Amino acid sequence: MAVMTLVQAVKSALDLKLADDENVIVFGEDVGVGGGVFRATEGLQKKYGAKRVFDTPLAESSIVGAAVGMAIAGLRPVVEIQFDGFMHPAFNQLVSHLARFRYRTRGERPMPVVVRFPNGDGVRALELHSDSLEAVYGHVPGLKVVMPSTPYDAKGLLISAIEENDPVLFLEPKRIYRAVKQDVPDGLYRIPIGKARVLQEGTNVTLVAYGAMIRVCQQAILEAKKDGISVELIDLRTIYPLDTATIVESVKKTGRLMVVHESPRSFGVAAEIIARVNEQAFYYLESPPRRLTGNDTIPPLPKSEDLYFFPPERVYYELKRAFEA
Amino acid sequence: MTAEQKTATRRSAKPSTGSLFEAFDPLRGRRLEILDENGKVVGGEWMPELSDEKLLHAYKMMLLARVADLKAVSLQRQGRLYTLPPSLGQEACAVGSAITLEKEDWMVPAYRELGAWLVRGVPLSRVYLYFAGSEYGNVYPPGVRVLPTSVPISSQLLHAVGIGHAINYRNRKEVVITYFGDGGTSEGDFHEALNWAAVFHCPVIFFCNNNQYAISHPRARQTISETIAQKAIAYGMPGIQVDGNDFLAVYRATQEAASHARAGRGPVLIEGVTYRMGAHTTSDDPSKYRESEEEELWKARDPLIRMRKYLEAKGLWDETREEDAKTEAQAKADEDFAEAEKWKANSVDEIFAHVFESTVPELEAQAESLKSFRKWKEGR
């Protein structure tokens, strides 16, 4: 066991899988000598050589496109895209190829590729460095979308993702890259993709969140508790496939639902969760489901960033309204 | 510099190019031509070594591609195949390039490579099946290292690069050939692919079927570069322009590119100057954007006529053999289409299968919903 930050846990997973399987290779922009902009690959090139861990030309479409070809030739690429906003040049490769090769070839050509990139707001970054468009990726048939909220989960989920024979987008909440520390086992362990986790049991309202929002929710729950509101908190862990069963079961118990995410509201993850709960547990609901999300605006530059991402007080405020409705 | 970095850059010394690539340096404005329009040898010094048997095999493959293509267009007109891209006129590029490669080499096509598919062992019945609307048309026999049809423009070039990278990773001697059109050279992925392949010395042959049109957009408006081959220079790799209607020129250039790549010297860009004699796809009307005079000019440059005249002059071919070979090709096309037409539509389970390795609850629920509707409908 060692105490790790989320970014250290990511590095630990990469390190162990590089050691474990020679088909695993790690590449992206500045991941070699530089160790990645957030240092998630620091030291790995030194340990495994430039053949296993290497820097590519600055061109995101080629990073994902070459990974597709490598997967066809039997490798298991784990690629890093420096920032969420830099995913956009690679979108064609994601949607037109990575997501569809298995389907297009009736299972003959699987895509064991992991695309890692930071996600979300809160680090006073430049334009296009704060996007969180997980719903967009969740909407693409053939992609799995994972987002951890703790160092322990980050390591276990990333190891599972690397071992998957399907493409996994691994979104790392950059706001908590270093904000949380936790005991993490030294060796290989796996957390299943597609399973949510009930972080805290409660009886009055089900609160669903993921990634950096989990911490925000946990702080809000402490305040709500003083008002006698008992919250059941579910960490989604995986955006797609979505663990509907765990959410529905919880709502059947609590009778109320609130979903929190920092990405834009329209056509978002909360909309999907609420639709499923309406389909499967409508008659258990005591009040209309609520959602607290980012706005359908471009994330503002740092001076106005605080207007975009919300503090725990905002979650508390909305929770109270959900409970009182 | 660390030891690792040295290892990574050891192969990046400037590759020495073969004499062919020096002689046809794109910046010198020369084009490799071996057979002229009448099948006369004009570039004898570059003549590849080819047995009579292989020459005849190549011609028969070109003929099969021609016959199979004409049949496909006719079937499409009858509504028995969906939209398809005819390959009429590009048989020398397709067959001349693909036939130089070894079984363990890889081919990453776009969508107009009928001759190359056939040469590389893709069953004609599967090609027909794909254009008859089934994903199973992308499933090839074991050991056929051909990727499925790629519809987006030039994005497949990066898959070839990734395969080439993996070949280097495993220290193998295989090469990858990837095909695209003149329009494809405008896409960002073309530039990213050439750049990556050159930086990492990936054994990739970039084969441009410069067929003069990207749907209706003429080559002259696609790029202001004098040639497509010269683009290779900017990326640090050899480039060569060849007469794409001359089987022998295409063969020679691709063979040279393959040995260059196999020797660890990295990628090569080949520009085959050819002409798409038919439409872009069966949904398109080329009379809107090109003159019949131009089409007549290229009819006279037909790659099959040129090759046939060459074989006749060598005493390897005659009218009787031509008729026999055509009959044989027609019979094969008929038989393979009959096989493709027998294929049924996917079942409900099949359209949900293969999204992921194993199913997920969302997909199970959606499949159940569709089945339930279909059962209800049957009972009506």
Tell me whether segment A:76-86 contains one or more residues that are of a type outside the set (Lys, Arg), open to solvent by 10 Å² or more (accessible area, probe 1.4 Å), facing chain B (nearest Cβ under 9 Å) and touching a Phe, Trp or Tyr at 6+ places or on another chain (Cβ under 9 Å).
no
Per-region count, segment B:141-163, residues over 16 Å from the mean Cα position of the chain (by Cα) and at the interface with chain A (Cβ under 9 Å from one of its Cβ atoms)
2
Sort through B:Phe373, B:Phe356 and tell me the only one that's modelled with pLDDT of 95 or more, closer than 25 Å to B:Gly133 by Cβ, of a type outside the set (Ser, Thr, Tyr) and open to solvent by 40 Å² or more (accessible area, probe 1.4 Å).
B:Phe373
Would a scan of segment B:228-238 turn up a residue that is under 16 Å from the mean Cα position of the chain (by Cα) and either in a strand (DSSP E or B) or more than 14 Å from chain A (Cβ to nearest Cβ) (or both)?
no
Hits in segment B:99-118 (condition: without any contact (Cβ under 8 Å) to a residue 60 or more places away in the chain and more than 19 Å from B:Ala340 (Cα to Cα))
B:Lys103
Mind listing just one residue for me: the one in segment A:13-26 that is buried (at least 23 other Cβ atoms within 10 Å of the Cβ) and not β-branched (Val, Ile, Thr) and, of those, nearest to B:His165 (Cα to Cα)?
A:Leu14
Check whether at least one residue in segment B:306-315 is within 14 Å of another protein chain (Cβ to nearest Cβ) and assigned to a helix (DSSP H, G or I), and report yes or no.
no
Among the residues of segment A:88-129, write down those that are in a helix (DSSP H, G or I), open to solvent by less than 10 Å² (accessible area, probe 1.4 Å) and more than 9 Å from chain B (Cβ to nearest Cβ).
A:Ala90, A:Leu94, A:Leu98
Please determine whether any residue of segment B:45-55 is open to solvent by 30 Å² or more (accessible area, probe 1.4 Å) and within 29 Å of B:Leu129 (Cα to Cα).
yes
If a residue has to be hydroxyl-bearing (Ser, Thr, Tyr), open to solvent by 10 Å² or more (accessible area, probe 1.4 Å), in a loop (DSSP other than H, G, I, E, B) and under 20 Å from A:Met213 (Cα atoms) to count, how many in segment A:149-203 make the cut?
1
Farther than 20 Å from A:Ile176 by Cα and open to solvent by 10 Å² or more (accessible area, probe 1.4 Å), is that true of A:Glu272?
yes
Go through segment B:141-160 and give me each residue that's open to solvent by 30 Å² or more (accessible area, probe 1.4 Å) and in contact (Cβ under 8 Å) with a residue 12 or more places away in the chain.
B:Pro141, B:Gly143, B:Arg145, B:Val151, B:Ile153
Within segment B:344-351, does at least one residue satisfy the condition of being open to solvent by less than 90 Å² (accessible area, probe 1.4 Å), of a type in the set (S, T, N, Q) and not in a helix (DSSP H, G or I)?
yes
Looking at segment A:12-68 only, could you name the residues that are of a type in the set (Phe, Trp, Tyr) and touching a Ser or Thr at 6+ places or on another chain (Cβ under 8 Å)?
A:Phe27
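Listed here are the residues, each with its yes/no results for (1) outside any helix (DSSP H, G or I); (2) open to solvent by 60 Å² or more (accessible area, probe 1.4 Å); (3) away from chain B (no Cβ under 14 Å).
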residue	(1), (2), (3)
A:Ile247	no, no, no
A:Met258	yes, no, yes
A:Phe267	yes, yes, yes
A:Gln280	no, yes, no
A:Ser287	yes, no, yes
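The values are calculated or read from the model by the stated rules, or taken from the named source; none is laboratory data. Since this is a predicted model, take the numbers as computed values, not measurements. Using ideal geometry, Cβ is built from the backbone for each residue, glycine included, and neighbour counts are taken over all protein chains shown. Heavy atoms of the whole protein, side chains included, go into the accessibility calculation; ligands, DNA and RNA do not. Shrake-Rupley method; radii C 1.70, N 1.55, O 1.52, S 1.80 Å.
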